[in-house]
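Undergrad: Next up is a structure, given as structure tokens.
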Amino acid sequence: MTERLSVSGLLTEKDVKKLTRLARGGTVGPTAVYYAGVTAPIISASMSVMVRNTLEHVGASAYWQWLLASLVAAFSGIAWYLIFIRWSYRHGHGRGNETSEATRIDLEDEHLVVRRGGVEIRASWTAVSDVSASRSHVTIMIDGADPLIIPNTWFGNDKSARKAFLVRLNEKADA
């Protein structure tokens, strides 16, 4: 049995934004993209019918009716898609308690344990898919869960504690 290593601290708003970027594939969710893609053709078709009927009433030739109706339909579909996507941007980061409650990460023999407030999560070491370190933080990717981020500030100025934590984390994740 090895000595249990732990680190804890509060995430800053900047850390939560980094964490959000790791967890999300983009700034727009898949449902928004789906609905934008479904509604854009409907808008296009509706605009095409309206323009063609209007041009028919004013006596435009069939060529101009179809050409202008097609152009308006294309531009209206593209415009609607872009507007819908812009309206759908996600603005909030995190779940609310990342900056108000301390997070504690324990490296135990059998599990990686994460505690925040009244919630405790245990991940088997086989579920840890990637560990990476940057100048400002350590990132832990876990299969089936949101990634974890450990800011270097949680280790204070103790570079040896960060190094020991990272070595043990990599040993356990690679085992």
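Undergrad: Starting from the stretch 143-164, take each residue that is more than 18 Å from Thr103 (Cβ to Cβ) and list its partners that are assigned to a strand (DSSP E or B) and at pLDDT 85 or above, counting only C-beta distances under 7 angstrom and pairs at least six apart or across chains.
TA: Asp143/Ser129
Undergrad: Here is a follow-up. Within the stretch 152-169, does at least one residue satisfy the condition of being in a strand (DSSP E or B), in contact with a strand residue (DSSP E or B) (Cβ under 6 Å, 6 or more places away or on another chain) and surrounded by fewer than 16 Cβ atoms within 10 Å (Cβ to Cβ)?
TA: Within the stretch 152-169, not a single residue is in a strand (DSSP E or B), in contact with a strand residue (DSSP E or B) (Cβ under 6 Å, 6 or more places away or on another chain) and surrounded by fewer than 16 Cβ atoms within 10 Å (Cβ to Cβ).
Undergrad: Ser88: polar (S, T, N, Q), farther than 30 Å from Ala133 by Cβ and modelled with pLDDT under 90, yes or no?
TA: yes
Undergrad: What number goes with the only condition from (1) part of a strand (DSSP E or B); (2) on the phi > 0 side of the Ramachandran plot that Gly144 does not pass?
TA: Going through the list (1) part of a strand (DSSP E or B); (2) on the phi > 0 side of the Ramachandran plot, Gly144 breaks only (1).
Undergrad: Consider Gly77 carefully, then state whether it is farther than 30 Å from Met141 by Cβ, at pLDDT 85 or above and part of a helix (DSSP H, G or I).
TA: For Gly77, the condition - farther than 30 Å from Met141 by Cβ, at pLDDT 85 or above and part of a helix (DSSP H, G or I) - is met.
Undergrad: Being at pLDDT 90 or above and in contact with a strand residue (DSSP E or B) (Cβ under 9 Å, 6 or more places away or on another chain): is that true of Ser61 here?
TA: no
Undergrad: For the stretch 125-133, check the following and say yes or no: at least one residue is assigned to a strand (DSSP E or B), under 16 Å from Thr103 (Cα atoms), within 22 Å of the chain's Cα centre (by Cα) and not charged (D, E, K, R).
TA: No, because not a single residue in the stretch 125-133 is assigned to a strand (DSSP E or B), under 16 Å from Thr103 (Cα atoms), within 22 Å of the chain's Cα centre (by Cα) and not charged (D, E, K, R).
The values are calculated or read from the model by the stated rules, or taken from the named source; none is laboratory data. Note that this is a predicted model, so its numbers are computed, not measured. Ideal geometry is used to build each Cβ from the backbone, glycine not excepted, and the neighbour counts take in all protein chains shown.
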